[in-house]
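Visitor: Sharing a structure below in structure tokens format, with a few things to ask.
Since every read-out is calculated from the coordinates, none of them should be taken as a lab result. Predicted model only: the values in this text are computed from it and were never measured. All Cβ positions, glycine included, derive from the backbone under ideal geometry; neighbour counts span all protein chains shown.
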Amino acid sequence: MGILDDYLTHGAKRLRISVHDRRVDPQSDHPNAGNRSLLDFASMEFGVAAGLSRCPTMIDAYSSGDPYTGLSVRAGYSHVPRTRVKPVILSLQYGGGVLLIQGRLGGSGRQAQRLHDLHRNEFARYWQWSDAKTLKACEEGVLVARDGWRCLVTSRTPEFTVRNWPIQTNAAAIFRLAGLMARRLSVRICAVVHDALLIEAPVERLELDILRTTECLERASRMFLHGLTLRVDPKVIREGERFSDEKRGARVWAHVERTLREMEPSEA
């Protein structure tokens, strides 16, 4: 039995058991528990959509390294930062329209319409796949992920949900399979963090476990995405260091730590 077949048969059950396994316990008493790595899938949501739909232009955009800004620049939004463009491009995947674009990016109605039309035309194969999935779900009353997870669809189910669910659910399945493969290689998994795996290892084995986990993540993505390999970006957090997202998290944690210090009772 192949590893994917084994996962499809036993994966969910084993995953529930593994929650109580010391190898995934984030409160480990391992002497080198402070050495960790966060292995993050780059642009995962866009990549999963590209792989599932087998859309060649979407795959090319993903392979370029930044699949979000290309269309926005062509539509006249070159002045808008990537952090604002990204959620709009992802919303367009699930049926977001011109009013959404204007509300989040500004600009004229013509400009927003151009971005909307560019997405539909540039990624036509994706939209054929998404439309077909949506129609089938509405006709049969159910969505089914590649690993068998199901979601009931009724007349009250929003279109956004029907288009979004296959992307999110298959992304989760990639992590389940990657986690099972990593455990077979004795990698210590702390947690899944959105679109990343957090692992820990003794300092002398950290580099090897990063390579092993990267291979598990890449292999799982290929299995679910018709051969497309999602990029993995590992970040190392040494003992005594703290992980923070320099663009979004540093200011928040600085505020939290400053507030905690101010709340500490002063020494007499």
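Visitor: Express in nm, to one decimal, how much length is gained between SER155 and ARG120 on full extension, taking 0.36 nm for each residue of separation and deducting their alpha carbon distance. Intermediate results must be reported in sequence, preceding the final value.
Guide: On the way: separation 35, 0.36 × 35 = 12.60 nm, distance 2.50 nm.
Extra length available between SER155 and ARG120 comes to 10.1 nm.
Visitor: Just to confirm the filter: which GluC sites (Glu not before Pro) across region 184-231 are DSSP coil and have at most 12 other Cβ within 10 angstrom of their Cβ? Mind dumping the intermediate values first?
Guide: Details: sites: GLU200, GLU204, GLU207, GLU215, GLU218; in loops: GLU204.
Sparse-neighbourhood loop GluC sites (Glu not before Pro): GLU204.
Visitor: Right, here's the next one. Step through the residues of region 129-146 one at a time and calculate ³J(HN,Hα) from phi using the Karplus curve (6.51 cos²θ - 1.76 cosθ + 1.60, θ = phi - 60°), rounding each to whole Hz and writing x for Gly and Pro.
Guide: Once θ is set to phi - 60°, the couplings for region 129-146 become 5, 5, 5, 5, 5, 5, 4, 5, 4, 5, 6, 9, x, 7, 10, 10, 7, 5 Hz.
Visitor: Taking the Cα atoms of region 167-268 alone, what are Rg (to one decimal) and Dmax (as a whole number) in Å?
Guide: For region 167-268, the Cα radius of gyration and maximum Cα-Cα distance read 17.7, 66 Å.
Visitor: Follow-up question, since we're still on this one. Take region 56-122, compute every pairwise Cα distance, and split them into 5 Å bins from 0; I just need the percent in each bin.
Guide: 3, 19, 34, 29, 11, 4, 0
Visitor: Can you compute the FRET efficiency between LEU211 and ASP60 using 1/(1 + (r/R0)^6), with r the Cβ-Cβ distance and R0 = 25 Å? Round to the nearest 0.05.
Guide: 0.35
Visitor: What does a probe at LEU100 reach in region 39-67, counting residues whose amide N is under 14 Å from the point 7 Å along Cα→Cβ?
Guide: 46
Visitor: Quick one: Karplus J couplings for region 196-202, per residue in order, coefficients 6.51, -1.76, 1.60, θ = phi - 60°, nearest Hz, x for Gly and Pro?
Guide: Whole-Hz 3J(HN,Hα) from phi for region 196-202: 8, 10, 9, 10, 9, 7, x.
Visitor: Still on this structure, please answer the following. Taking the beta-carbon count within 10 Å as an exposure proxy, list ILE101, ILE167 from fewest neighbours to most.
Guide: Sorted ascending by nearby Cβ count, the order is ILE167, ILE101.
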